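A short write-up of the structure that comes next.
The values are calculated or read from the model by the stated rules, or taken from the named source; none is laboratory data. Just so we're clear, the structure is a prediction, and the values are computed from it rather than from any experiment. Glycine gets a Cβ as well: all are built from the backbone with ideal geometry, and neighbour counts include every protein chain shown.
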Amino acid sequence: DIKGFAFDLDGVLADTAKFHSQAWQQIAEELKIPWTPELESGIKGIDRMSSLMLILNSAGVADNYTEEQKEALAKRKNDHYQELIGTLTPDDVLPGMRKFLDELKANHLSMSIASASKNAPFILEKLAISDYFVGVVDPSKVKEGKPAPDIFAEAAKILNADPTTVIGLEDSAAGIASINAADEISVGIGDKGLLHEAKINFPSTADVTLAKVRSHLNW
Ligand code: G6P
Ligand code: MG
C-alpha cells in the first residue's frame, strides 16, 4: 500500500519554475547565449551549477569562464531569483495542490520535500505549507543531484518508508529519472512527451487526486 508522498517543489507545489527560467534567461541574454525550449525544460530539476553548465555548454562556451566567474554568475542568478520569490504569497501554490495536501493529510499519509533547491524552506514558508511535511531533504547533504536517486532516496528515509511504497511527484525529466532510480513510483505532472518515463501522468497539478493515483496503481 502507499506509505507516503515525496514532493518536488518548483513546478509541482510552487509556481516558481517561471522564476528560475526568468532569472537564468537574464544571465543567458547578458552572455549572448540564445534561450531555447531545450534550456527551458533542461534546467528543471537540476541543481544551480548544473543549470549554468547546461546553458554555457549549449553555446559551447563553458571553457571561456573560470570557476570564479561561474560561481559569480550562479550567485547573480540566485540573487535575482531570491528577489522574485520574495513576492510569493500563499496564492502561489499551484492549482489543486493545497487541496491535494489536505486530502493526503486527512488520509494520514506522510509527506516530504525532495527538491534540489536550497531555497526550498524559504518558499515553503512563503506559501504557508511547511507544516504539511515531516521533513525537507537538504540538497547540500546528498552526494548527487537529480537525475541520480539520492534526493528521492533521502525523501523516503525521511518518511521512514520502503521506497517501493513511496509516490514521487515531479514536473521534470531529471526528477522522474531520480524517482525511478530510487525505486519509487513516479508521477509526472505536465507534458507527457517530456515526462514519458513516468509511471503515471497528469497533464496539470489541478488533475492530481489520491483516488486517481490509487486507481492507476490498482491499490
Ligand atoms: C529546482 C529547480 C531547478 C533549480 C534547482 C536548484 O530543482 O527545478 O531549476 O536549478 O531547484 O535551485 P536553487 O534554488 O538551489 O538554485
Ligand atoms: Mg520541479
*Give region 18-51 a look and list any residue that's touching a His at 6+ places or on another chain (Cβ under 9 Å) and among the aliphatic types (A, V, I, L, M), or say none.*
Ala23, Ile27, Ile43
*Select from region 27-36 the residues that are part of a helix (DSSP H, G or I) and away from ligand 1 (no atom under 14 Å from the Cβ) and write down the one among them that is farthest from Leu73 (Cα to Cα).*
Glu29
*Among the candidates Leu84, Leu31, Leu9, Leu101, which residue alone is away from ligand 2 (no atom under 15 Å from the Cβ) and within 27 Å of Pro149 (Cβ to Cβ)?*
Leu101
*Name every residue in region 12-28 that is touching a Lys or Arg at 6+ places or on another chain (Cβ under 9 Å) and more than 25 Å from Pro149 (Cβ to Cβ), in order of residue number.*
Ser21, Ala23, Trp24, Gln26, Ile27
*Considering only region 188-206, state which residues are in a strand (DSSP E or B), more than 16 Å from ligand 1 (Cβ to nearest atom) and within 18 Å of Ala17 (Cα to Cα).*
Phe202
*Out of region 8-23, which residues are part of a helix (DSSP H, G or I), surrounded by 15 or more Cβ atoms within 10 Å (Cβ to Cβ) and under 16 Å from the mean Cα position of the chain (by Cα)?*
Ala17, Phe19, His20, Ser21
*Across region 36-68, what is the total count of residues that are over 17 Å from Ser115 (Cβ atoms), away from ligand 2 (no atom under 16 Å from the Cβ) and either surrounded by fewer than 17 Cβ atoms within 10 Å (Cβ to Cβ) or not aliphatic (A, V, I, L, M) (or both)?*
16
*Report yes if some residue within region 66-81 is of a type outside the set (Val, Ile, Thr) and assigned to a loop (DSSP other than H, G, I, E, B); otherwise report no.*
no
*asked:* Which pairs turn up if I take residues in region 144-173 that are of a type in the set (Val, Ile, Thr) and look for partners that are within 16 Å of ligand 2 (Cβ to nearest atom) and assigned to a helix (DSSP H, G or I) with beta carbon separation below 7 Å, at least 6 apart in sequence or on another chain?
replied: Ile151/Pro139; Ile151/Ser178
_It is to be established whether one or more residues within region 37-47 are charged (D, E, K, R), out of contact with any strand residue (DSSP E or B) (no Cβ under 6 Å at 6 or more places or on another chain) and not in a helix (DSSP H, G or I)._
yes
*Taking region 156-176, which residues are assigned to a helix (DSSP H, G or I) and either modelled with pLDDT under 95 or within 13 Å of ligand 1 (Cβ to nearest atom) (or both)?*
Ala173, Ala174, Gly175, Ile176
_I'm told Leu73 meets every condition in (1) loosely packed, with under 12 Cβ neighbours inside 10 Å; (2) touching a Leu at 6+ places or on another chain (Cβ under 9 Å) except one. Can you identify the failing condition by its number?_
(1)
*Hits in region 99-134 (condition: out of contact with any Asp or Glu (no Cβ under 7 Å at 6 or more places or on another chain), buried (at least 16 other Cβ atoms within 10 Å of the Cβ) and of a type in the set (Gly, Ala, Ser))*: Ser110, Ser112, Ala120
